[in-house]
Amino acid sequence: MHGKKEQGSSSTHSDIAWYHCRGDALLLQEADLVGIDKPKSHLIQLLVDEDPRLKVLSIPGMGGLGKTTLTKKVCNDAIVKRHFQNHAWITVFESFKVKELLKDMIRVLFEKVRQPLPRGVDSMDANNLKGIINAFLQQKRYVLVLDDVWDIRAWEVLRIILPECNCGS
C-alpha cells in the first residue's frame with residue numbers, strides 16, 4: 001500500500017522512509033547537490049542586505065523538493081554565520097503544541113549562546129514563554145528557521161514575539 005494508512009496502523013513504510021531520507025538530505029555535501037547555487041546565492045543576498053527591517057522569507061513547496069536542504073546550506077554559509085549574532089533552527093511538527101514549541105525555541109536560543117535556561121521555564125504559561133523569547137531577541141540581529149511548518153497557526157503564534165528592532169533580522 002503506497003501512501004495509504006492501513007487500518008489500525010499509525011504509519012506506513014513510505015512515511016518511515018520519507019522521514020529517514022529527510023534527515024539524510026541534510027548530510028549531503030554541497031558538491032553533490034545539483035542546481036542549488038543560484039537559489040542559495042539569492043537567499044543569502046536577501047538575508048544579508050542592509051535593510052534594517054525584520055524580514056520574513058518563505059520557501060514553500062511539496063515534500064521532497066529540497067527546501068530543508070537548501071535552507072540548511074544557506075544557514076551554514078560563512079557569510080550568513082558572520083552576519084547574524086543569533087541563529088536558531090526550530091522544527092515545527094505537524095501536530096505542534098504552542099507551549100512545547102515555545103519551550104523548544106527557548107532551549108535552542110539559550111543553548112546556542114551557552115546561557116542557562118531561565119528558571120521555571122517548564123512550568124511557565126505561553127505568555128511568559130513568549131516574553132522570554134522577545135526579551136532574548138531584543139537588539140540582536142538574528143536568523144530563525146522554522147522548518148517543516150504545516151499550519152499557518154505556528155507562524156501566527158511566533159510572528160508576534162519577534163521584535164522589530166531595526167537590526168536587520
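From the list R153, R159, R141, the lone residue that is over 24 Å from N76 (Cα atoms), open to solvent by 40 Å² or more (accessible area, probe 1.4 Å) and of a type in the set (K, R) is R153. Among residues of region 140-169 that are within 19 Å of N128 (Cα to Cα), those with a Cβ under 9 angstrom from a residue that is surrounded by 17 or more Cβ atoms within 10 Å (Cβ to Cβ) and of a type in the set (S, T, N, Q), sequence gap 6+ or separate chain, pair up as L162/S169; P163/S169.
Could you grab me the full set of residues in region 67-110 that are small (G, A, S) and either surrounded by fewer than 18 Cβ atoms within 10 Å (Cβ to Cβ) or free of Cβ contacts under 8 Å to residues at least 40 places away in the same chain (or both)? Scanning region 67-110 gives A78, S95.
Only a single item in (1) within 21 Å of L43 (Cβ to Cβ); (2) assigned to a helix (DSSP H, G or I); (3) touching a Leu at 6+ places or on another chain (Cβ under 7 Å) is not met by V143, and it is number (2). Would you say L129 is at pLDDT below 90, in a helix (DSSP H, G or I) and surrounded by 13 or more Cβ atoms within 10 Å (Cβ to Cβ)? No: the conditions fail for L129.
Would you pick out the residues in region 158-169 that are outside any loop (DSSP other than H, G, I, E, B) and more than 23 Å from G63 (Cα to Cα)? Within region 158-169, R159 is the sole residue that qualifies. Checking the structure you have, find out if any residue of region 53-61 is open to solvent by less than 60 Å² (accessible area, probe 1.4 Å), touching a strand residue (DSSP E or B) at 6+ places or on another chain (Cβ under 9 Å) and of a type in the set (G, A, S). No, that holds for no residue. Can you work out which of the residues in region 85-122 that are in a loop (DSSP other than H, G, I, E, B) and basic (K, R) is nearest to V157 (Cα to Cα)? Among those that are in a loop (DSSP other than H, G, I, E, B) and basic (K, R), it is K97.
The values are calculated or read from the model by the stated rules, or taken from the named source; none is laboratory data. As the structure is a prediction and not an experimental result, all values here were calculated from the model. A quick note on method: Cβ atoms are made from the backbone with ideal geometry, for glycine too, and the neighbour counts reach across all protein chains shown. Heavy atoms of the whole protein, side chains included, go into the accessibility calculation; ligands, DNA and RNA do not. Shrake-Rupley method; radii C 1.70, N 1.55, O 1.52, S 1.80 Å.
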